[in-house]
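Note sheet for the following structure.
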Amino acid sequence: MSQSVSNGLRIQARLERSGFALDVDTAIPLEGVTALFGRSGCGKTTLLRIIAGLEHPPGAEVHFGNTVWQSGRAFVPLHRRRVGLVFQESTLLPHLSVRSNLLYGYKRTPEPLRRLHLAEVADLLGITELLERRADQLSGGQRQRVALGRALLISPDLLLLDEPLNALDTQTKREIMPFLARLSDKTGIPTLLVTHAPDEVERLAHRVAFMHDGQIERLEPLRDALARADSPLFRDEGAVSVLQGTLGEVDAHGLQTFGPPEARYRVPSTPGVSNGAGRPARLRIDARDVSIALSPPQDVSILNIVPVTIEALDEAPGHHGPARVLATCRQDDGQTLMAELTRLSTERLDLQPGTRAHALVKSVAFLD
Amino acid sequence: MFELSPTDWMAIEVTLKLAIYTTLMLLVIATPIAWWLANGRAPGGLRTAVQALVALPLVLPPTVLGFYLLVLLGPAGPVGSTLESWGLNHLAFTFQGILIASVIYSLPFAVQPLQQAFANLGRRPTEIAGSLGAGRLDRFFTVILPMSRGGFIVAATLAFAHTLGEFGVILMLGGAIPGETQVLSILIYDHAEAMDFASAHRLSLGLLIFAFVVLFVVYAINRRFDTVRL
């Protein structure tokens with residue numbers, strides 16, 4: 001968020017179709033990954049297509065930094081925008097090999113603009129062994145990685161990903177996520193990710209634009225989006241917390257510390273994953289796996305007991321009715337931890353905003 | 001028994017020349033029309049009107065088409081008289097005249113397979129190619145053409161074969177000038193009229209076998225690229 005708004009991607013567009021109206025006036029920072037989150041039919045894809053130049057609604061304004069992409073009669077066509085596109089279904093050119101697919105855009109990119117090259121991109125995406133195959137001999141996950149590589153090889157100024165994981169099964173999705181997560185860090189290409197899956201946002205995005213009924217309701221850093229009980233990210237699958245921290249040493253029990261001393265977790269180290277001490281990592285914690293105790297319990301199997309201050313108590317998202325409460329807790333390192341409790345428990349413990357308590361975290365998962 | 005007269009050879013030459021020129025012209029003309037029909041953003045009404053216009057030669061008696069072209073291209077017609085006022089010849093009873101007629105007459109046979117192929121292709125591949133820096137022509141030759149080659153082969157073969165079978169339009173507009181407008185179908189008619197059944201038979205059988213082979217090839221290709229349906 002360090003770049004000023006005038007350097008961002010500014011879009012101002014109105015579009016009316018039968019039963020659908022898009023009305024957007026926003027500026028997206030050109031840094032990291034911005035998720036465009038909303039239900040299907042809310043206009044995410046249409047907005048993405050306007051940014052790409054695949055739709056040109058009259059009167060729309062699209063500015064990329066100081067470059068005009070669309071304004072009045074001025075219109076830069078797609079093939080001059082230098083935008084990498086990846087869609088949800090396979091878009092590899094079936095009559096070309098994987099290598100020719102990858103090089104299709106590279107060859108059309110003027111030499112001085114080429115920042116990424118075949119070998120490094122193939123390596124980054126783990127597709128070096130596939131280069132000589134035909135495009136129609138690949139699995140779904142391989143195809144999406146090649147599609148990503150092809151988009152990267154034009155050394156784009158902006159990467160637009162339209163639900164790139166949507167058509168993949170859970171297993172394949174899990175395989176590709178790490179590649180996607182590395183992408184923006186390694187290449188520094190600002191990315192816009194259209195998705196309706198909260199886990200993709202939590203895992204990949206630095207900030208989220210929430211779209212509803214053709215409008216962007218809010219654009220905020222992921223951290224803020226995960227810190228409010230009414231976040232649309234929690235609507236379907238319940239509340240989660242994403243903690244950022246640094247990994248410590250692995251002890252004799254195979255456990256690895258995470259986070260500063262005042263909010264320390266011990267988590268099973270995952271073999272195979274590069275889990276060197278000092279590496280920054282993120283933990284995902286389901287609010288339903290967090291309980292609250294007023295004093296630190298002694299005889300309990302739960303390892304991770306973290307002191308917190310209750311900040312707010314709201315009705316839990318989802319369809320539980322008033323029986324469940326979402327407690328927004330502040331860890332002593334300032335990060336937010338969500339806990340989902342029954343209303344009965346909050347009343348028994350007399351939890352109030354400001355109450356000091358201990359969070360008992362039953363299970364955690366590494367995001368990266 | 002298969003000896004052909006010089007007139008027969010001349011008719012074969014005119015017929016092949018007409019079919020080849022017609023096919024080449026149709027590929028150039030039908031491609032943008034088919035693309036526009038399959039993917040254009042024009043309002044539905046206009047699209048339907050163009051679709052109907054293109055299909056018109058399928059249902060009209062060829063004589064109707066030939067009649068209007070004769071009126072249009074002949075010395076008294078708007079096109080013919082304009083050409084004459086520029087010191088050129090009008091187009092009735094000329095090879096150029098029957099070429100124009102053939103192109104119009106076979107238009108649906110070229111447009112429809114292409115339209116079907118483009119509709120199956122969808123917009124996505126060209127959008128992707130565009131995002132990868134390919135301009136319009138580049139996209140056509142590197143994406144649309146190779147991905148719809150089945151459609152192009154079928155369109156070209158049908159346009160070619162259909163031109164071979166033309167009769168009514170040419171009779172109306174071209175007459176039967178040997179070496180200029182006398183095509184095989186007309187010559188067969190003339191042979192039969194003159195009771196020269198042996199000559200008529202020779203040419204008819206040749207045309208029949210040729211047409212069968214052409215259609216056989218089309219359907220074989222059609223099965224291989226089962227994206228194109230007729």
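Read-outs throughout are calculated quantities, based only on the coordinates presented, and are distinct from any laboratory measurement. Fair warning: this is a prediction, and the values are worked out from it, not measured in the lab. Note that we place each Cβ from the backbone using ideal geometry, even for glycine, and neighbour counts take in every protein chain shown.
Quick one: divide the alpha-carbon radius of gyration of region A:213-348 by 2.2 N^0.38 Å and tell me what you get.
Its radius of gyration relative to the 2.2 N^0.38 Å reference: 1.15.
Averaged over its residues, how many other protein chain Cβ atoms are within 10 Å of peptide B:217-224's Cβ atoms? Display every interim value, and only then the final one.
Working: counts 0, 0, 0, 0, 0, 0, 0, 0.
Shielding by partners across B:217-224 averages 0.
Which ordering of B:Thr48, A:Thr355 is given by a fewest-first count of other beta-carbon atoms within 10 Å?
Starting with the residue having the fewest Cβ neighbours, the order is B:Thr48, A:Thr355.
Can you tell which of B:Gln112, A:Gly238, A:Pro58 lies farthest toward the positive end of the dipole of the protein assembly as shown, using +1 and -1 charges on the Cβ of basic and acidic side chains (Lys, Arg; Asp, Glu)?
Farthest along the dipole direction, towards plus: A:Pro58.
Which order do the peptides B:205-212, B:16-23, A:156-163 come out in when sorted by mean C-beta neighbours inside 10 angstrom, highest first?
Packing proxy ranking, top to bottom: A:156-163, B:16-23, B:205-212.
Among A:Trp69, B:Trp35, which comes first, then next, by fewest other beta-carbon atoms within 10 Å? Mind dumping the intermediate values first?
Working: A:Trp69 27, B:Trp35 20.
Ordered from fewest to most neighbouring Cβ atoms within 10 Å, A:Trp69, B:Trp35 come out as B:Trp35, A:Trp69.
I'd like the Karplus ³J(HN,Hα) series for region B:103-113: coefficients 6.51, -1.76, 1.60, θ = phi - 60°, whole numbers in Hz, and an x wherever there's a Gly or Pro.
Values, residue by residue: 4, 5, 5, 9, 3, x, 6, 8, 5, 5, x Hz.
Please list, in order, the residues from region A:25-41 whose amide nitrogen is less than 11 Å from a point placed 7 Å along the Cα→Cβ vector of A:Asp224.
none
Contact order normalised by length for region A:210-311, with contacts defined as Cα pairs under 8 Å and 6 or more residues apart; what percent is it?
Relative CO of region A:210-311 lands at 24 percent.
Give the shape of the protein assembly as shown as rounded, prolate or oblate, defined through the alpha-carbon gyration tensor: a ≥ b ≥ c are the square roots of its eigenvalues, a/c under 1.5 means rounded, and otherwise the shape is prolate if a/b is larger than b/c and oblate if not.
Because a/c hits 1.5 or more and a/b exceeds b/c, the protein assembly as shown counts as prolate.
Can you give the average number of partner chain beta-carbon atoms within 10 Å of each beta-carbon in peptide A:85-97, as a whole number?
Taking the mean over all residues of the peptide, I get 3.
So which trypsin sites (Lys or Arg not before Pro) in region B:86-165 pass both tests, a DSSP loop state and at most 16 other Cβ atoms within 10 Å of the Cβ? Don't skip to the end; give the middle numbers.
Numbers: sites: B:Arg123, B:Arg136, B:Arg139, B:Arg149; in loops: B:Arg123.
Passing both the DSSP loop test and the Cβ count: B:Arg123.
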